[in-house]
Amino acid sequence: MIYYFSGTGNSEWAAKTLAQQTNDRVTRITKQTMRPVSVGKNDVFGLVFPIYAWSLPQMVSDFLKDVSIEHGAYCYAVCTCGAQAGYAMRILRARMPLDGVWSLIMPDNYIVAYKVEDDDAALAKVRAANVRLREISAAINARESGCTDVQVGRFPFVKTFIGGRLFNKYARSSKPFRSSYDCTGCGLCAKVCPTQNILVAEDMPFWNDDCQQCLACIHRCPKKAIEYGRSTEKHGRYVFHFTKEQIEEGSDGEV
Ligand SMILES: Cc1cc2nc3c(=O)[nH]c(=O)nc-3n(C[C@H](O)[C@H](O)[C@H](O)COP(=O)(O)O)c2cc1C
């Protein structure tokens with residue numbers, strides 16, 4: 001089974017592509033689906049998730065607390081990130097035995113800090129990731145172990161162990177969320193939230209204090225009516241939307 005966490009669809013696409021190529025199934029990690037997992041000695045356990053502040057999303061860390069793995073199981077993890085994973089996969093390796101760990105560079109969705117890439121740049125990343133996924137699938141199908149290929153970036157220790165901690169302590173607040181007059185109260189934001197952190201009342205969303213910062217609510221709002229402070233106003237929106245045909249066409253490129 002491949003377990004995945006995803007806000008804007010990059011990790012979901014990666015998990016589903018891997019599942020197709022390795023003849024496996026996927027389960028999305030959300031508050032509703034979170035339950036203890038036992039991995040038997042003949043099982044395959046895959047984990048796919050986005051990097052948040054060079055570290056793991058809190059929900060993935062919480063999910064792993066209740067995963068027990070029998071000796072002999074084949075385990076791997078793939079993270080998706082805009083550019084650098086830092087030492088996130090080291091943190092993961094310290095928590096569970098992993099035969100393979102890989103990172104995939106994908107379009108960056110962190111619009112609290114950056115503008116989204118234009119569609120051509122985003123597609124170029126996805127095409128290169130698609131090529132890489134075939135190599136990763138081949139390694140998984142061959143049950144290769146000792147595979148590590150992660151874009152760690154510069155100063156990974158400081159970024160992960162200081163930046164990551166500061167992010168979890170100070171940057172995950174729900175307070176800066178707000179909806180504009182364009183909001184129709186459709187409730188999609190509440191539906192896509194992995195922690196059921198959003199309540200829609202009187203045609204307006206309200207955020208509780210269990211935010212992962214996946215930004216699904218902002219990116220997936222059909223009216224672009226959700227902002228996080230002032231910083232997301234001019235940074236665009238991103239949801240994975242590429243078709244198989246777009247991805248496969250000329251997919252031998254590197255980013
Ligand atoms: C809160 C947050 C923090 C992020 N931090 C990083 C980071 O440290 N390094 C990086 O390369 N990308 C970072 N990103 C970008 C995402 O990891 C990347 O876009 C990922 O593919 C999104 O996956 P998803 O579409 O499955 O949610 C961050 C995104 C968010 C929302």
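The values are calculated or read from the model by the stated rules, or taken from the named source; none is laboratory data. All values derive from a computational prediction rather than experimental measurement. Heads up, the Cβs are rebuilt from the backbone with ideal geometry, glycines too, and the neighbour counts pull from every protein chain shown.
Before we move on, is Glu135 farther than 28 Å from Gln212 by Cα and outside any helix (DSSP H, G or I)? Let's see the steps before the verdict.
Working: farther than 28 Å from Gln212 by Cα: yes; outside any helix (DSSP H, G or I): no.
Taking the combined requirement at face value, the residue does not satisfy it.
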- Item | Residues within region 178-192 that are more than 20 Å from the chain's Cα centre (by Cα) and within 16 Å of His219 (Cα to Cα), tallied | 9
- Item | Flag if Gly153 is within 23 Å of Val116 (Cβ to Cβ) and assigned by TED's automatic domain parsing to the domain that holds Ala129 | yes
- Message: Please go through region 148-183 and give me each residue that is part of a loop (DSSP other than H, G, I, E, B), out of contact with any Ser or Thr (no Cβ under 9 Å at 6 or more places or on another chain), surrounded by 14 or more Cβ atoms within 10 Å (Cβ to Cβ) and touching a residue at least 40 places away in the same chain (Cβ under 8 Å), ordered by number.
- Response: Gly153, Ala171, Arg172, Cys183
- Query: What are the residue pairs meeting all of these: first residue in region 104-122, first residue part of a helix (DSSP H, G or I), second residue at pLDDT below 95 and more than 9 Å from the ligand (Cβ to nearest atom), Cβ atoms under 9 Å, and 6 or more apart or on different chains?
  - Reply: Ala121/Val255
- If we only count strands (runs of 3 or more DSSP E) wholly inside region 191-254, which ones have 2 or more residues that are at negative phi, aliphatic (A, V, I, L, M) and within 16 Å of the ligand (Cβ to nearest atom)? none
- If we ask which residues in region 1-34 are touching a strand residue (DSSP E or B) at 6+ places or on another chain (Cβ under 8 Å) and not in a loop (DSSP other than H, G, I, E, B), their number turns out to be 15
